[in-house]
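Here is the structure we will look at, set down as structure tokens.
The values are calculated or read from the model by the stated rules, or taken from the named source; none is laboratory data. Being a predicted model, the structure only gives us computed values, none of them experimental. In this analysis, Cβ positions are derived from the backbone assuming ideal geometry, glycine residues included, and neighbour counts consider all displayed protein chains. For accessibility, only protein heavy atoms count, side chains too; no ligands or nucleic acids. Shrake-Rupley method; radii C 1.70, N 1.55, O 1.52, S 1.80 Å.
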Amino acid sequence: MIRVRDLEVNFDFPVLKGVSLDIEDEEFLVILGKSGSGKTVFIKTVVGLIRPNRGEVSIDDISVTNGEPKELLKARKNIGFVFQGAALFDSLTVFENIALPLREHFSLTKKEIKDKVKKSLELVELEGVEKLYPAQLSGGMKKRVAIARAIAYEPKYIFFDEPTTGLDPETALKITKLLKDLWKKIKGTFIAVTHDFGFTEEVATRIAWLKGGRFEFVGKVNEFKKLDVKEIQAYFVKTF
Amino acid sequence: MRIFVSIFEEAGGFISSFWKTLIYLKEIGKTRKDIVFQINQIGVNSLPLVIFTSAFLGMVAAVQTAYQIRDYVPLIYLGAGVAKGVMIELGPVITGLVVAGRVGSGIAAEIGTMKVTEQIDALEVMGISPYRFLFIPRVVAAMIALPMLTIIADIVAIFCGMIISHFTGIANYILFTRGARLFFLPKDLFGGLIKASAFGIILSLSGCFYGMETKRGAQGVGLSTTKAVVTASLLILLFDYLLGVIIFG
Ligand SMILES: Nc1ncnc2c1ncn2[C@@H]1O[C@H](COP(=O)(O)OP(=O)(O)OP(=O)(O)O)[C@@H](O)[C@H]1O
Ligand SMILES: [Mg+2]
């Protein structure tokens, strides 16, 4: 379980104004919010990439925010993260990209690494790309490789920053389906951040709506739809 | 006042990243392959530039020295003057400055791009230290590559100095080499190489540090590369003086 308490993050202005949230094991939580509402900041703070000004985060009772590097490292072995722009390492091939975290933290043989890379590429339905460099891939393929990299070491929690943004509708739909299948197959806890409501409806077991630096709503999809708020209706109009 | 605070902040950050790099030195074994790759990037790929620069450096040194000493000092000292000047001062410093321009900016651009495209975040979230993964290979490679480049620069510069003095009739090559050898001290050569090594650390660390400091936005990476080169150049001159005092003082 991930526990977030009173999280405050200020840059030149307050971005998160004291948010709390519990993320349950094996759920598919979707965090909705407008562009610039602080979604990326929120998940990056949860995994310890951004230091909060106040508040606490713990992952399976390991504190992320207390600043102990050893603790943080322990927590991170359970975390996968798929960045908004994939963030593949340009200087490494697809194979090396996926193998890197495996090599770093687990004592595996060459063959075991090879098998794990192959398996995670199969899970994202990509094959025969091991030797290519990120620059040789399309946007959708990069997203898939990034997902493969995040699932390769079988972390318990996987974060997705806007998995369908910047893709054509067909590819976006494919990724949506892929994540849904993947979630069922590997029984992990998925946390995705998005403003794509089609995606949300398809995959979410729970929604958290980030607005004005706070969670305006946390609950089920159908409850969210029932909310009588103009912005939510706008979501529907846009996406349906 | 503001500017002093920010200079101290920057210096603090710079020193702390040097310190963190030192700490991760114990994991150097993991980065052996990367170090070899970086030596190639930093060293071998800088060769043409270094050879070109040092050739002219040697020629200028010979002609200028000859012009200055011609009427007062026997020309046997020409070879000695050029060789010493090149080994102690000109070889390491010019190599350092030239490579800072080429490699320091390259490192800053590379790491800066990684920063803005979240590749650094990706490293951290995987529990891989950017200091170990990015800083160590570059800093160690530059520390090794710079003395090697400097030796080549020294040889090329002295040789070209000799050639130019021979063919312009200032001093023939026998006189030039006799002078160079007569007054040769190993300390001159090795002192220069130690400086070169320090310059390697400075220019690579500067690239790494400003790369990591890159802010988002269109100016980000460009600004980092500029800062990396300017800072590296200033620090090279500062340490040239300090190390000069320590080694030769
Ligand atoms: N490192 C940073 N330094 C300064 N300000 C930042 C930083 N990161 C984010 N911000 C600011 O915080 C706010 C929230 O940013 P964030 O990236 O979390 O938005 P988002 O909800 O993910 O939006 P998008 O859907 O466009 O990705 C923005 O106004 C942004 O400018
Ligand atoms: Mg975002």
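I'd like to know if the range B:160-173 contains one or more residues that are open to solvent by less than 50 Å² (accessible area, probe 1.4 Å) and closer than 15 Å to residue B:95 by Cβ. Checking the range B:160-173: at least one residue is open to solvent by less than 50 Å² (accessible area, probe 1.4 Å) and closer than 15 Å to residue B:95 by Cβ.
Once the range A:33-62 is narrowed to residues that are in contact with a helix residue (DSSP H, G or I) (Cβ under 6 Å, 6 or more places away or on another chain) and of a type in the set (A, V, I, L, M), the residue that is farthest from residue A:209 (Cα to Cα) is A:62. Can residue B:203 be described as more than 16 Å from ligand 1 (Cβ to nearest atom) and touching a residue at least 24 places away in the same chain (Cβ under 8 Å)? In short, yes. Residue A:89 meets each of the listed conditions (1) more than 19 Å from the chain's Cα centre (by Cα); (2) of a type in the set (Phe, Trp, Tyr); (3) in a loop (DSSP other than H, G, I, E, B) apart from (1).
For the range A:183-206, state whether one or more residues are within 16 Å of the chain's Cα centre (by Cα), under 23 Å from residue B:125 (Cα atoms) and in a loop (DSSP other than H, G, I, E, B). Taking every residue of the range A:183-206 in turn, at least one turns out to be within 16 Å of the chain's Cα centre (by Cα), under 23 Å from residue B:125 (Cα atoms) and in a loop (DSSP other than H, G, I, E, B).
If you go through the range B:105-129, how many residues are in a loop (DSSP other than H, G, I, E, B) and at the interface with chain A (Cβ under 8 Å from one of its Cβ atoms)? So the answer is 5.
Checked against (1) in contact (Cβ under 8 Å) with a residue 24 or more places away in the chain; (2) away from every other protein chain (no Cβ under 14 Å); (3) surrounded by fewer than 14 Cβ atoms within 10 Å (Cβ to Cβ), residue A:127 passes all but condition (1). Answer with yes or no whether residue A:95 is over 19 Å from the mean Cα position of the chain (by Cα), on the phi < 0 side of the Ramachandran plot, away from ligand 2 (no atom under 16 Å from the Cβ) and touching a residue at least 12 places away in the same chain (Cβ under 8 Å). Considered against the rule, which asks whether it is over 19 Å from the mean Cα position of the chain (by Cα), on the phi < 0 side of the Ramachandran plot, away from ligand 2 (no atom under 16 Å from the Cβ) and touching a residue at least 12 places away in the same chain (Cβ under 8 Å), residue A:95 comes out as yes. Does residue A:167 satisfy the criteria of being free of Cβ contacts under 8 Å to residues at least 40 places away in the same chain, within 16 Å of ligand 2 (Cβ to nearest atom) and more than 23 Å from residue A:75 (Cα to Cα)? Against the criterion (free of Cβ contacts under 8 Å to residues at least 40 places away in the same chain, within 16 Å of ligand 2 (Cβ to nearest atom) and more than 23 Å from residue A:75 (Cα to Cα)), residue A:167 qualifies. Residues in the range A:47-62 that are under 14 Å from the mean Cα position of the chain (by Cα) and within 16 Å of ligand 2 (Cβ to nearest atom): A:47, A:49.
Results for (1) more than 16 Å from ligand 2 (Cβ to nearest atom); (2) among the hydrophobic types (A, V, I, L, M, F, W, C), shown as yes or no for each residue.
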| site | (1), (2) |
| --- | --- |
| A:6 | yes, no |
| A:15 | no, yes |
| A:28 | yes, yes |
| A:32 | no, yes |
| A:45 | no, no |
| A:64 | yes, yes |
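Here A:29, A:88 are screened, and the one residue that is within 14 Å of chain B (Cβ to nearest Cβ), surrounded by 14 or more Cβ atoms within 10 Å (Cβ to Cβ) and at pLDDT 95 or above is A:88.
Of the strands (runs of 3 or more DSSP E) lying entirely inside the range A:1-86, those containing at least 2 residues that are within 16 Å of ligand 1 (Cβ to nearest atom) and touching a residue at least 60 places away in the same chain (Cβ under 8 Å) span A:14-23, A:28-32, A:79-82.
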